[in-house]
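K.L.:
Here it is, the structure, as structure tokens.
The values are calculated or read from the model by the stated rules, or taken from the named source; none is laboratory data. Quick caveat, the model's predicted, so the values are computed rather than measured. Note that each Cβ is placed from the backbone with ideal geometry, even for glycine, and that neighbours are counted across all protein chains shown. Just the protein is used for accessible areas: all its heavy atoms, side chains included, with ligands, DNA and RNA removed. Shrake-Rupley method; radii C 1.70, N 1.55, O 1.52, S 1.80 Å.
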Amino acid sequence: MNVFIMRHGEAEAMAQTDAHRELTPEGRSDITQMASSYSDALSQVDVIWASTYVRAQQTAAIMAEHLSKPIITQPFLPPSANPTEVLSALEASRHQTVLVVSHQPLVGVLVDGLAGLEAGRYRMTTSALAYLSTDVYANGCCELRWLHHPTSAQAAC
């Protein structure tokens, strides 16, 4: 089984609420770059799960356009979500390859926990994409195959 975990693209600094923040033009560009750069690996995705937040919905929509895959809005994917709930949902969907689009700190906690890495080991910049494989969705049971950031993030480091 495989899962892809993606952090939303760069979002505007201010909005009515945090949940209403939209992607910036750079954020849209970075997501498009990631979809194009990793299209071969992402071709195995069956469904995209997205947080209810606007920036995650916009990120998922860009990915769905490139992958021709459906989006399912999942209320259990906000930034401060309980990772155990996400793992349970992934386990229940074990026959599908899911692309999870969410936020920090959740995406970092998921990647670190699933791969059995020290907490905070991998910080996911905006638009970062991780690919993990496993036989069971549980902490320490996944192999982190790769984690990539958009080239604009790499250039900024």
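K.L.:
Within the stretch 11-41, take every residue that is open to solvent by 30 Å² or more (accessible area, probe 1.4 Å) and polar (S, T, N, Q) and give me the one that is farthest from the chain's Cα centre (by Cα).
P.N.:
Pass one, the stretch 11-41, residues open to solvent by 30 Å² or more (accessible area, probe 1.4 Å): 12-22, 25-26, 28-29, 32-33, 36-40.
Okay, now just the ones that are also polar (S, T, N, Q), so 16-17, 29, 32-33, 36-37, 39.
Working: GLN16: 24, THR17: 21, SER29: 16, THR32: 14, GLN33: 15, SER36: 16, SER37: 15, SER39: 15 Å.
The residue in question is GLN16.
K.L.:
Take the conditions open to solvent by less than 20 Å² (accessible area, probe 1.4 Å), of a type in the set (Ser, Thr, Tyr) and touching a Gly at 6+ places or on another chain (Cβ under 7 Å) and apply them to SER102. Does it pass? Explain how you work it out, then say what you get.
P.N.:
Details: open to solvent by less than 20 Å² (accessible area, probe 1.4 Å): yes; of a type in the set (Ser, Thr, Tyr): yes; touching a Gly at 6+ places or on another chain (Cβ under 7 Å): no.
No, not satisfied.
K.L.:
Any residue in the stretch 45-52 that is surrounded by 17 or more Cβ atoms within 10 Å (Cβ to Cβ), under 15 Å from the mean Cα position of the chain (by Cα) and of a type in the set (D, E, K, R)?
P.N.:
So the first thing to find is which residues in the stretch 45-52 are surrounded by 17 or more Cβ atoms within 10 Å (Cβ to Cβ), and the list is 45, 48-51.
Remaining after also requiring under 15 Å from the mean Cα position of the chain (by Cα): 45, 48-51.
Add one more test, that the residue is of a type in the set (D, E, K, R), and what stays is none.
The answer is no; no qualifying residue exists.
K.L.:
Take residues that are over 19 Å from HIS8 (Cβ atoms) and tell me which of the helices (runs of 4 or more DSSP H) falling wholly in the stretch 49-157 contain 2 or more. Full working, then the answer.
P.N.:
On the way: elements: 54-67, 83-92, 106-115, 151-156.
Answer list for the stretch 49-157: 83-92, 106-115.
K.L.:
Any chance the stretch 76-85 includes a residue that's modelled with pLDDT under 95 and of a type in the set (Phe, Trp, Tyr)?
P.N.:
So far as the stretch 76-85 goes, no, none of its residues is modelled with pLDDT under 95 and of a type in the set (Phe, Trp, Tyr).
K.L.:
Of all the residues that make up the stretch 115-134, how many are closer than 20 Å to GLU26 by Cβ and open to solvent by 30 Å² or more (accessible area, probe 1.4 Å)? Spell out the reasoning first.
P.N.:
Let us first name the residues in the stretch 115-134 that are closer than 20 Å to GLU26 by Cβ, namely 123-129.
Filter again for open to solvent by 30 Å² or more (accessible area, probe 1.4 Å), leaving 123, 125-126.
Residues in the stretch 115-134 being closer than 20 Å to GLU26 by Cβ and open to solvent by 30 Å² or more (accessible area, probe 1.4 Å): 3 in total.
K.L.:
Looking at THR97, THR73, which one is farther than 24 Å from ARG21 by Cα and modelled with pLDDT of 95 or more?
P.N.:
It is THR97.
K.L.:
Separate question: Which one of the conditions (1) surrounded by fewer than 17 Cβ atoms within 10 Å (Cβ to Cβ); (2) under 20 Å from VAL47 (Cα atoms); (3) modelled with pLDDT under 90 does TYR137 fail to meet, given that it meets all the rest?
P.N.:
Here TYR137 meets the rest and fails (1).
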